[in-house]
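Everything on this sheet refers to the single structure shown next.
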Amino acid sequence: MIRINLAPPEGRPRRGAGGRFQLKIPEINLAVAFAVAYAIALIVVGAWWWQLSSEEADLTQRTVQAASELEQLKVRVGQVGKVRDQVADLKKRVDAIQELTKNQVRPVVLFDALADVVPRELWLTGLEERGTTLRITGTAFSATAVADFMANLRSSGRFKEVDIVLSRQDLTKTPRQVTFEVTCRFES
């Protein structure tokens, strides 16, 4: 009988069917592999949590800064609104002053012209301007003073169409006074 030793020599690698080499897979303990994977997952989740918490802190700080900045801007906007109101109020005041000064020239000139033509024995009690017509009322110690007043008005060159509307002397009072009303037109 013939014996055939099919076992490989001890130093030679075994050949499988067809003469191919087989690789030996190292044996891995699954518990250790899962423990390592679990540890890696914990490290990754921890790092991710730390990153998210630092972003949250940063965003919270930015929100607080933005809120304080917003409050400061609201105060400034309020001040700008107050300044606008003050500017509008000042503009109204300036317009009113300009209107008054524009209309002030005529009365000043009128009173200056009247002061030059009123005799000593006569005083004015009323002055009314309606359109272009002036109505002057007053009292004098004599009719001559009223006549002098009318003559002074005509000769001044500033008063036109001088007419007496009323001249009355009260005989019951002492001294006898003449009340009068004169109309004219003033040209400045």
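Quick notes on this structure:
- If you plug the beta carbon distance of Val109 and Thr132 into 1/(1 + (r/R0)^6) with R0 = 25 Å, you get a FRET efficiency near 0.95.
- For segment 93-100, backbone phi angles converted through the Karplus equation (6.51, -1.76, 1.60; θ = phi - 60°) give residue-by-residue couplings of 5, 4, 4, 5, 5, 5, 5, 5 Hz, Gly and Pro being listed as x.
- For Gln177, the residues 5 or more places off, or on other chains, whose built amide H falls under 5 Å of its own are Asp170.
- Rounded tilt (10° steps) of 143-156 against the dominant C-alpha axis of the chain: 50
- Listed options for percent of Cα pairs over 25 Å apart are (1) 34; (2) 73; (3) 47. The value calculated from this structure is the one marked (2).
- Note that segment 124-131 has calculated 3J(HN,Hα) couplings of 8, 10, x, 9, 9, 10, 10, x Hz, one per residue in order, obtained from phi through the Karplus relation 6.51 cos²θ - 1.76 cosθ + 1.60 (θ = phi - 60°); glycine and proline are x.
- Taking the chain and dividing mean pair separation by its residue count, relative contact order in percent (alpha carbons under 8 Å, at least six apart): 14
- Listed peptides 72-84, 107-119, 138-150 appear in the order 138-150, 107-119, 72-84 once ranked by packing, highest mean of other Cβ atoms within 10 Å at the front.
Bear in mind that the values in this text are calculations on the coordinates, not laboratory data. Bear in mind the structure is a predicted one, so any value in this text is a computation, not a measurement. Note that each Cβ is placed from the backbone with ideal geometry, even for glycine, and that neighbours are counted across all protein chains shown.
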